[in-house]
Amino acid sequence: GYEKVLIYTEKYLTKELFIKEGFQTSFHFHEKKDETMYIISGTGYIEFNDKKEYFGKNDTIRIEPHIEHSIVATENTVLHEVSTPFLNDTIRINDFYNR
């Protein structure tokens, strides 16, 4: 997949993320970043510590700071992440790709 910054200001950040079917982001959290995911296309779920929240096209899911999560694609997925502007605020708990 890929991650592309679309808009970056001192007040907000918008990224486009592509997650290939069968793949997922690292299980991580953000200390400051408050983010909302808007699903452009695809399906999947966001895995939290105690639940899974399924998504499809046009859904939105908010993830507040300190909430551990991973985004899992059950088909090729494109989403826009709209968040506070903290680019380097990712604390990985489990990185499936050894970054």
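Considering only the stretch 1-55, how many residues are at positive phi and either among the hydroxyl-bearing types (Ser, Thr, Tyr) or over 14 Å from the mean Cα position of the chain (by Cα) (or both)?
Of the residues in that region, 1 qualify.
Take the stretch 1-43 and flag every residue that is among the basic types (Lys, Arg) and either part of a loop (DSSP other than H, G, I, E, B) or in contact (Cβ under 8 Å) with a residue 24 or more places away in the chain (or both).
Within the stretch 1-43, Lys11, Lys15, Lys20, Lys32, Lys33 meet the criteria.
Which pairs turn up if I take residues in the stretch 85-99 that are without any contact (Cβ under 8 Å) to a residue 60 or more places away in the chain and look for partners that are loosely packed, with under 11 Cβ neighbours inside 10 Å with beta carbon separation below 8 Å, at least 6 apart in sequence or on another chain?
Partner pairs satisfying both residue conditions: Asp89/Glu31.
Just so you know, all these numbers are worked out from the coordinates, no wet-lab data involved. Not measured: the values here are computed from a predicted model. As a convention, Cβ positions derive from the backbone with ideal geometry for all residues, glycine included, and neighbour counts pool all protein chains shown.
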